[in-house]
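Presented below is the structure to which this report refers.
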Amino acid sequence: MSGITSSADPQGVPWRSRAVLPVLVAVSGLVAVVTSLGAPLIPSIARSDGVSLSTGEWVLTAALMSGALATPAMGRLADGPRKRRVIVLALTVVCAGCVLSAVSTGFAMLVVGRGLQGVGLGLLPVTMAIARSEFSPQKTGRAVATLSVSAAIGAGLGYPITSLVAQFYDYRAAFWFGAITVAAALVLVILVVPWQSEGRSRKFDYLGMATLGSAVVGVSVVLSEGGEWGWTSVRSLGLMAFSLIMVGLWAAYELRITDPLIDIRQVRNRSVLTADTSGFLIAMAMYLFLPIIIEFVQIPVASGYGFGASILTSGLVFVPLSFGSFFASRCLIAYTNRFGVRSMIPFGSVVFALSTLFFALEHRALWEAFVASGMAGIGIGFTFAAMPGFIVQAVPPSETGSAMGLYQVLRSIGLSLGSALAAAVLVSSTRSGQIYPTYEGFRVTLILATVLCASTALLSFVLPGSSAARPAMSTGLRDLMREEAEVEGAGLMLADERPGIESKPAGQ
């Protein structure tokens, strides 16, 4: 059985059927790499373009902001029959953004290019919607988990790739690299992914997009500039109040219309609420950990802490994170077979918490940073693979894109809030006239990340309730999970997705 519906391969071309998932995985991974091409380059960009370090942060803010706006729009469009057109257009925009950043003659042009690249952040729910519509039921869960983990791995690889370029070449070479790889992914999509998919066209929710967009832009600006303006200044408080009003208007409007941009009624389902809440909290924890560990290893030993490592070495710290995520994905089948699905997010959150706590307590040698990164990767692998599965299992196929859109928006906001919180803590720990903060600032951010991960573990175990009871898997399902482990990379919530295989809650 190919695992693809007839719409995916109308001419019966076997290689095209087999290539759909690898192409979608490549798109998720490559776009994740491109959208992460920013953090290690900020100092180089600031020096090259003659702007302050805080202004240089807009190369991250612009991508995050456009991604938060593009994600719900692309998620809604992906619920219709034109999924391939959405992904082709998005990849074209990302490629154009890479080229614009590479040839930029000023900082403003670079920021615009990064904003275009941020559209790629909305591609993950689109690839998942394609997998849901094109793959047979028994393949869908594993495909969605694989796509989620591939995005996490790609983001982890983006840091060492960027650092390598920054160490030996001009930062613009990184954007040329991104343009070439995204162009290659675009060609593969055109060759492999079918033009038409299942789903019906819907009226696009322009008012919902405008109110949500205003809120996201407002929050992003406050989080990016609040430290400089002052968190209690009139501008910060006024813009935050405006954003909250926009969120309220958006939510009220979305509940009244027939085809909302994002169906927020879905959060009434405990599985969807679990994924959304966990994604938000873990995203915050990530940006209280990932940038911090990069900065920590680069700080000169003369400061009393840090390792004085090069930018290349600091980027390589995240190679174990990528391997850890991949290792976790290979263990998912055995894990769900032994412990069920309900504990996946709590388990991953606890492992992530242990990694942040470990580095907060043990940071006397560089190898400890690599160990902490690998542990974090295992935790991220489990949590990111599980969250989309909770959503896909709980909503009808026609709503996969919009449900994943809300999840991605919450993750984007969580990343922004975590980054802003980390910056605020470090600023408060930096003495007047000093470049580097005291060690206490780094320790506080790591402890905050630990607390957030522990909170995620608790909430993700309590929220699902009895609906997350461990299924009693049949022998056929267990065999399927073993057979597919090597080629699929991840297995998740398969019990209700394989025809002819039944699973019942424990105790029935």
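The values are calculated or read from the model by the stated rules, or taken from the named source; none is laboratory data. Note that the structure is a prediction, hence the values are computed from the model and not measured. All Cβ positions, glycine included, derive from the backbone under ideal geometry; neighbour counts span all protein chains shown. Ligands, DNA and RNA are excluded from the accessible area calculation, which covers all protein heavy atoms including side chains. Shrake-Rupley method; radii C 1.70, N 1.55, O 1.52, S 1.80 Å.
At-a-glance table
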quantity: Elements of type helices (runs of 4 or more DSSP H) contained in region 23-77, each with 1 or more residues being open to solvent by 10 Å² or more (accessible area, probe 1.4 Å), of a type in the set (Asp, Glu) and modelled with pLDDT of 70 or more; calculated: 42-49
quantity: Some residue of region 229-239 being under 24 Å from residue 77 (Cβ atoms) and either of a type in the set (Gly, Ala, Ser) or modelled with pLDDT under 75 (or both); calculated: no
quantity: Close pairs from region 232-243: first farther than 14 Å from residue 217 by Cβ, partner outside any helix (DSSP H, G or I) and at pLDDT below 90, Cβ under 8 Å, at least 6 apart; calculated: 236/230
quantity: Residue under evaluation residue 361, criteria (1) touching a residue at least 24 places away in the same chain (Cβ under 8 Å); (2) of a type in the set (A, V, I, L, M); (3) under 26 Å from residue 451 (Cβ atoms), criterion not met; calculated: (1)
quantity: Enumeration of residues in region 321-334 that are open to solvent by 30 Å² or more (accessible area, probe 1.4 Å) and not basic (Lys, Arg); calculated: 323, 326, 327, 331, 334
quantity: Meets criteria (at pLDDT 70 or above, outside any loop (DSSP other than H, G, I, E, B) and either open to solvent by less than 40 Å² (accessible area, probe 1.4 Å) or under 30 Å from residue 255 (Cβ atoms) (or both)) for residue 188; calculated: no
quantity: Wholly enclosed helices (runs of 4 or more DSSP H) of region 255-316 bearing at least 2 residues surrounded by 20 or more Cβ atoms within 10 Å (Cβ to Cβ) and modelled with pLDDT of 80 or more; calculated: 270-287, 290-298
quantity: Residue 495 vs. criteria under 30 Å from residue 265 (Cα atoms) and at pLDDT below 75; calculated: yes
quantity: Any pair with Cβ under 7 angstrom, 6 or more apart, that starts in region 256-271 at a residue that is within 24 Å of residue 344 (Cα to Cα) and ends at one that is at pLDDT 75 or above and not in a loop (DSSP other than H, G, I, E, B); calculated: 266/272; 267/273; 267/276
quantity: Residue in region 232-253 that is under 30 Å from residue 381 (Cβ atoms) and open to solvent by 20 Å² or more (accessible area, probe 1.4 Å) present; calculated: no
quantity: Residue ID - farthest from residue 222 (Cα to Cα), chosen from residues in region 80-107 that are assigned to a loop (DSSP other than H, G, I, E, B) and open to solvent by less than 10 Å² (accessible area, probe 1.4 Å); calculated: 80
